[in-house]
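The values are calculated or read from the model by the stated rules, or taken from the named source; none is laboratory data. In this text the structure is predicted, and so the values were computed from the model without any measurement. FYI the Cβ positions are ideal-geometry reconstructions off the backbone, even for glycines, and counts take in every protein chain you see.
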Amino acid sequence: MSLWEYANPVKFIRTTDVVLPWVSGLAVLCLTVGLIWGFFFTPEDYRQGSTVKIIYLHVPAALMAINAWIMMLIASMIWIIRRHHVSALAARAAAPVGAVMTVIALATGALWGQPMWGTWWVWDPRLTSFLILFLFYLGYIALWSAIEDDDTAADLTSILCLVGSVFALLSRYAVNFWNQGLHQGASLSLDKEENVADVFYHPLLLSIAGFVLLFVALVFLRTQTEIRARRTRALIAREQQG
Amino acid sequence: MMPDLGKYAGAVLSSYAVSLGLIVLLVAVSILRARRTKAALDLVEKRSKRNG
Amino acid sequence: MRALLARDLRLGVRAGGGFGLGLAFFLIVTVLVPFGVGPETALLARIAPGVLWIGALLACLLSLDRILALDWEDGSLDLLATAPLPIEGVVSIKALAHWITTGLPLVLAAPLLGVLLNLAPDGYLWVLVSLAVGTPALSVIGTFGAALTIGLKRGGLLLSLLVLPLYVPTLIFGAEVARRGADGLDVATPLMLLAGISFGAMALLPFASAAVLRINLR
């Protein structure tokens, strides 16, 4: 029994079929409890007023936007090194989810920034690097959908993902250098002192867990879809030949 | 039941609306595509079994 | 390798190679900017370094699909791939040829266009230097993008979508050098970072481009 067994598409579909209802159920549970808790039962921040409630969407979405890219990077490397199709398809399945997360993070950030900073958008390092990350997602998705041959598409996009990661990191530091930020530091860190207060912290953790589970469930589902779509194409191609 | 959101109600509510809307949309699209491809695959597989 | 370079240069300079096209585009962009933002000299002088950089970047982008597409279409790329020359070498040469035919003229034209934008007197040198250091990176990154989109029918638009985010760090540091230079500030840090990106891209990206080309030629 090893992890690589799940590289078999049939095995992957069978396992995820079992796991999927649990993961999505837990995701819905965590999200509902976390968000309702955050929305209805947390006090207002003395400086930010009620806008502090946006944190329960903004922080998890931003976190997942980055984690989705990291997951795609790892999946791409697995594809390049071990050539498991499931891995390449999982990377493909994750990209739109990551892109949506980036949009959520940017949109909620803008909605929060309007009353707090007095502007929808500033060219702050964090904001700017998220915008750039979004562009990377767009390019990645566009390249996947532009190439017809599945294996070529998987190869090219994984190389793009590797190169893109390096440049995304570079951009992150370049942007830092270019402009000093308005954005506050990390809202979560292991250092207790820097953290947000406990009242905000617990529902936030829950909604982060909800977003992570949601992401996992969506990636499972979408990877299944990609596997099936690929098999359908292969069968149709065989029919046409024979 | 509705908490008093004060003067920032617009910002808070619209960010919840936007985010939840996007998430629901993403989930709906994913599920829809999953159903469609599954149906398509079943169709093709049945056909290929009958023929081959 | 030298023969390949000479061939690419000849093809680039010859009519239809798009040699002057990039320059003309650069000129037009810089001429259009004052129409867009107004003729105020102080404002133009302030944005001149950035405008020159963006103009050069876009002009560079315009000619990227020519790097490999023509050779792909007439099949000479397949020949090059089977030649004893490693494919990494081929893409490096292609990028170099692109830089000589597009990047270098842009670098040399930039100070002249700076006059139109009322660039500060200190800026000329640094615009020249930053573009000279930065445009090779643009060519190398562009070759990678061109290799990715080579087999696609409507690759041009996709190419810009893929390449532009990759241009961000180069643009930031390059424009920063030019801006600081124009303001008479210290340029050492961004210049070193720009050079770092440029050399790093030149050293590593040909491998990625070559891998991509091998996949596409499979």
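Structure summary
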| read-out | value |
| --- | --- |
| The range A:148-177, residues that are among the aliphatic types (A, V, I, L, M) and facing chain C (nearest Cβ under 7 Å) | A:L156, A:I159, A:L160, A:V163, A:L170, A:A174, A:V175 |
| Leading residue by the ranking (farthest from the chain's Cα centre (by Cα)) among those in the range C:1-21 that are surrounded by 15 or more Cβ atoms within 10 Å (Cβ to Cβ) and at pLDDT 65 or above | C:L4 |
| Only one of A:T15, A:T32, A:T102 that is modelled with pLDDT of 85 or more, farther than 19 Å from A:L204 by Cα and either of a type in the set (S, T, N, Q) or not in a helix (DSSP H, G or I) (or both) | A:T15 |
| Helices (runs of 4 or more DSSP H) wholly inside the range C:1-96 containing at least 1 residues that are under 27 Å from C:W126 (Cα atoms) | C:19-37, C:41-62 |
| Candidate set from the range C:127-154 (those that are surrounded by fewer than 20 Cβ atoms within 10 Å (Cβ to Cβ) and more than 21 Å from C:G55 (Cβ to Cβ)); member that is nearest to the other protein chains (Cβ to nearest Cβ) | C:L152 |
| Residues of the range C:107-137 that turn out to be under 15 Å from the mean Cα position of the chain (by Cα) and not small (G, A, S), as a count | 9 |
| Pairs where the first residue, in the range C:158-170, is more than 7 Å from chain A (Cβ to nearest Cβ) and the second is hydroxyl-bearing (S, T, Y), C-beta under 7 Å, 6+ apart | C:L159/C:T149 |
| Subset tally (residues that are within 12 Å of another protein chain (Cβ to nearest Cβ) and loosely packed, with under 15 Cβ neighbours inside 10 Å) for the range A:4-36 | 3 |
| Selection from the range A:3-12 of residues that are out of contact with any helix residue (DSSP H, G or I) (no Cβ under 6 Å at 6 or more places or on another chain), assigned to a helix (DSSP H, G or I) and either touching a residue at least 12 places away in the same chain (Cβ under 8 Å) or within 16 Å of A:L213 (Cβ to Cβ) (or both) | A:W4 |
| Selection count where residues are more than 18 Å from the chain's Cα centre (by Cα) and in contact (Cβ under 8 Å) with a residue 40 or more places away in the chain, scope the range A:154-167 | 3 |
| Which listed residue is among the hydroxyl-bearing types (S, T, Y), touching a residue at least 12 places away in the same chain (Cβ under 8 Å) and closer than 21 Å to A:F130 by Cα, from A:T102, A:T42 | A:T102 |
| Any chance A:V86 is hydrophobic (A, V, I, L, M, F, W, C), touching a Phe, Trp or Tyr at 6+ places or on another chain (Cβ under 6 Å) and away from chain C (no Cβ under 13 Å) | yes |
| Hits in the range A:45-75 - residues which are within 12 Å of chain B (Cβ to nearest Cβ), polar (S, T, N, Q) and surrounded by fewer than 22 Cβ atoms within 10 Å (Cβ to Cβ) | A:Q48 |
